[in-house]
1. Kindly provide the Kirkwood hydrodynamic radius of region 268-347 in Å, to one decimal, from all pairs of distinct alpha carbon atoms.
2. Determine by what factor the alpha-carbon radius of gyration of region 407-492 differs from 2.2 N^0.38 Å, reporting the quotient.
3. Which lysines does Lys226 reach when only Cα atoms under 17 Å apart count, and residues fewer than 8 places away in its own chain are ignored?
4. Using a 1.4 Å probe on the protein heavy atoms only, what accessible surface does Leu591 show? Give it in Å² to the nearest 10.
5. Quote the FRET efficiency, to the nearest 0.05, computed for Lys90 versus Glu302 with a Förster distance R0 of 60 Å and r equal to the Cβ-Cβ distance.
6. Using unit Cβ charges (K, R positive; D, E negative) and no other charged atoms, how large, in debye to the nearest 20, is the dipole of the chain about its Cα centre?
7. At what distance in angstrom do the alpha carbon centres of region 620-686 and region 581-606 lie from each other?
8. Which percent, nearest 5, of DSSP beta bridges in region 401-495 are antiparallel?
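The values are calculated or read from the model by the stated rules, or taken from the named source; none is laboratory data. Everything numeric in this text was worked out from a predicted model, so none of it was measured. Every residue, glycine among them, receives a Cβ derived from its backbone with ideal geometry; neighbour counts consider all protein chains shown. Only protein heavy atoms, including side chains, enter the accessible area calculation; ligands, DNA and RNA are left aside. Shrake-Rupley method; radii C 1.70, N 1.55, O 1.52, S 1.80 Å.
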Amino acid sequence: MTKILVDGVEVDVPGEFTLLQACEEAGAEVPRFCYHERLSIAGNCRMCLVEVKGGPPKPQASCAMSVKDLRPGPNGAPPEVFTKSPMVKKAREGVMEFLLVNHPLDCPICDQGGECDLQDQALAFGGDSSRFHENKRAVEDKYIGVLVKTEMNRCIHCTRCVRFTAEVAGTGDMGAIGRGEDMEITTYLESAMTSELQGNVADLCPVGALLPKPQSFRARPWEYQKTETIDVMDALGSAIRIDSRGREVIRILPRVNDAVNEEWISDKTRQIVDGLRTQRLDRPYVRESGRLRPASWQEAFELIAAKRKASAPGRTGAIVGDLAAVEEIFALKLLMQQLGSPNFDCRQDGAKLDPKLGRGSYIFNSTIAGIDQADALLIVGSNPRKESPVLNARIRKRWLKGDCKISLVGEKADLTYDYDYLGAGPDSLLRFIQEGKPVGKLLVIVGQGAIARPDGDAILALAAQAAQRLGGVSEGWKGFSILHTAASRVGALDLGFTPAQGGLDAAHMAKAGAMGLLFLLGADEIAIAPGAFVVYVGSHGDRGAHRADVILPGAAYTEKSGLYVNTEGRVQLASRVVFPPGEAREDWAILRALSAVVGHALPFDSLAQLRKKLVEAHPHFARIDQIEAGNPADVGKVASQSAIAMKDPFVNAISDYYLTNPIARASAVMAECSALAQGRQAQAAE
């Protein structure tokens, strides 16, 4: 640690700290435009100037100078830095004056207004007038995709967007052309950006040059009701803030959570906003003469009750979808148990995960932050870039540090980092186990594409054996990790929402004639064959609603308070942002009302009572934002299973990243992104 005086305040900081970081430790505010904690240092905006005592007689860029580069004072006194001296004040005013030479005066029509770093810092650190009266330069706006709108007259060349796409996203989509006054930020030949994280450049932009295109001119920042919650578009559980106005969600932004998503979110998380209000189910429907017609809640419930009496418990079942919260899954399980049915399942994709093998057999045991400590990675049957783009950026971050070998078994793909391609199927995994050498800390990431197949249990066993033999399980390290794609999956497995003794799994319940009465709780990724009477509880008119005989309109994730468990087993609380539309109700309330009609009333009348019952049965759900770690012995249980696998190559679980759930499929923005991505794939195949 090094002692340093900042404006007379003494602080101890590591020698590797920049002066800017040291000043922040001392409580001094230093303005900046180009500097960002998670990007490399550019040092090109010059706004963070400070005065160093004993240094050159000119201001120093605090972001580009380390504490260890400072000279001590006389007689070994600590180095001194000043952030409020007359030299610094004059220098910052001069820099701001230069930045505003070409910046247009269009704050009244700029969407960044009210959240603009340039506005704030011009007021706090700028002067009251300018000495420049030349004509301002004009820059043509660039097309860089459907998610980010450009107003390049406002660009101040901080290069945050360039560094983000090169370092974090790994696609290098953006760059600079021209020099000096003619320099412009753009994509190559003004093509659309290819990253699944491209929307983050709008957050990084300190001015109004890059803005989220779908939210153009929708509202001003001070009009929003801001709600902190978590994302359910994948199983990562990114921390987000949802801004609403009235009963409408307007935009979704990331929150800082270093343990999960740092401060990034995926494009699907950010821009499914229009999907929350289109193709919504806002009233009950019943099928009559092959067509769905609006009905009352009482009529729908009575029809279900009549069908329940005509169906034996063994021919009644339930399937949970990918976006369901823990509370409604728990309520549905209680209802199935009271009806005497053993047929319930949360694995609509057929994944061979079994909670009987222990929690360590189905969570991301290393934790997301644990990726930073891995010495080597083995990815099995997964494409993290599509299945969890933010987690993929974390893998890239570890790869950039060096000394981390990454290997892949499965489909070849551009993951934004280099890897050794071992092969496409289980035989390649077996060969890796036999020929591989142990490393310090091996992280084995198993994707749903590897285990959602008939021999998924054998693949899981092989992956566990690889972890055991090659350094994936050791003292203080649990490297056997399952990467989930469904936000509801881990929570449902924690609840044991898998077939009871003698029960059928989702694939068998979906077959013709298997069920007389089948409940779908937001299950839209599975095709139900003719024969069963289907009751669909969900928010959107997707595949499940099209197949349903009775539709009970539920709430989307922004319209209810609910618990979710992310892929690493972290319990998270999602907050209600707005209310459901029309006659739609929260899913747990629908199930409670339905249970009374069918003669098996559930033992709660409010969400608080439901959560109390839930915590009594499963105490770890009370520990919000904590991880209930899996037992390392669970990996041994998985590894001891039969490992006779087919030779078929692995197929990744997600083929179209932008259209993976009902909300995304209802979004016109996501449809446009999907069309662009498919066009790029077609061009690459030619």
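1. Answer for region 268-347: a Kirkwood hydrodynamic radius of 15.3 Å.
2. Against the compact-globule rule of thumb, the ratio is 1.10.
3. Lys560
4. 0
5. On the way: r = 80 Å, r/R0 = 1.33.
It comes to 0.15.
6. Values: 79 positive and 85 negative charges, 221 e Å.
That gives the chain a dipole magnitude of about 1060 debye.
7. What the calculation gives is 32 Å, centre to centre.
8. Numbers: 2 of 9 bridges.
Roughly 20 percent of the beta bridges in region 401-495 run antiparallel, per DSSP.
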